[in-house]
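Student: Mind looking over this structure? Questions follow.
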Amino acid sequence: MRSIAVFNAEKHEQFKDLHKVLLTEEEIVAKVMELGAKISADYAGKDLILVSVLKGGIVFLADLLRSITIPVRFDVVGASSYGASLTASSCVKITKELDLDIRNKHVLIVEDVLDTGRTLQVLMDLLKMLEPASLDICCLFDKPIGRRVKIDCKYVGFELPDEFVVGYGLDAKEQYRGLPCLGVPKREAIEKL
């Protein structure tokens, strides 16, 4: 099986800002490889397009792409309900549309974290209008306690507690995305941002 590069989280300068680590980089890599194997089996022989949600989903997308063993294309869409704040709002803004034609293609939305579900609901509704053959979701981190709308996620990596987390693509005011692990930041570190 192919491997995904593993970095030493403790050497990352921002690691010291974590109160605790929820998921190590090794746990995340193992789960991404597992998801890639499932997706490869489920979509074998199908025209699959992965659609990632900017910006946080890019880290997950890059690793997931390398763990999928079938031909696959990808595109990105910009959609956000956070803006510059740390809490999700009810307003979803689409900031970048797709470049690829997804009509009659199998589309899998690749999302870093599923929280309220509002962003994904808006995105699902928009993508359905483009008439894909199928439309499903793969999220690495699921926070069901924050859900405001019903979202069916075909592939889920980890269920998270109701805590603010950073790392592996998730940020606090555009910081901490590069941490290869997932952790809860110290309050004082966030207050300095």
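Coordinate-derived values only; no laboratory data. Because the structure is predicted, anything quoted here is derived from the model rather than measured. Note: ideal-geometry Cβ built from the backbone for every residue, glycine included; neighbour counts use all protein chains shown.
Student: At 0.36 nm per residue, minus the direct Cα-Cα distance, what do D125 and E174 gain on full extension? Give it in nm, one decimal, please.
Tutor: Length gained, D125 through E174: 14.9 nm.
Student: Would you work out if the chain is rounded, prolate or oblate? Take a ≥ b ≥ c from the square roots of the eigenvalues of the alpha-carbon gyration tensor; rounded if a/c is under 1.5, else prolate when a/b is larger than b/c, oblate otherwise.
Tutor: oblate
Student: May I ask what percent, to the nearest 5, of DSSP beta bridges between residues of the chain are antiparallel?
Tutor: 30
Student: May I ask you to list the residues of the range 154-171 whose amide nitrogen lies under 19 Å from a point 7 Å from Cα along the Cα→beta-carbon direction of I70?
Tutor: Counting only backbone N, you get 154-157.
Student: Right, another one. Sequence neighbours fewer than 8 away in the same chain don't count; with that in mind, list the lysines whose C-alpha is under 19 Å from K128.
Tutor: Cα-Cα hits under 19 Å: K46, K93, K96, K105, K150, K154.
Student: Another question about this same structure. Helix-only mean residue ellipticity at 222 nm, the chain, DSSP H runs n ≥ 4 weighted -39,500 (n - 2.57), per residue, nearest 500. What is it?
Tutor: -7000 deg cm²/dmol
Student: Can you check what the net charge comes to around D42, using other residues whose Cβ is under 12 Å from the Cβ of D42 (Lys, Arg +1; Asp, Glu -1)?
Tutor: So the environment of D42 carries a net charge of +2.
Student: With Cβ to Cβ distances under 9 Å as the rule, what net charge do the other residues near P132 carry (K, R +1; D, E -1)?
Tutor: +2
Student: Once the Cβ-Cβ distance between L98 and E26 is put in as r, and R0 is 35 Å, what FRET efficiency do you end up with, to the nearest 0.05?
Tutor: Efficiency for this residue pair is about 0.55.
Student: Assigning unit charges at the beta carbon (Lys, Arg +1; Asp, Glu -1) and nothing else, what dipole magnitude in debye, to the nearest 20, does the chain show about its Cα centre?
Tutor: I would put it at about 180 debye.
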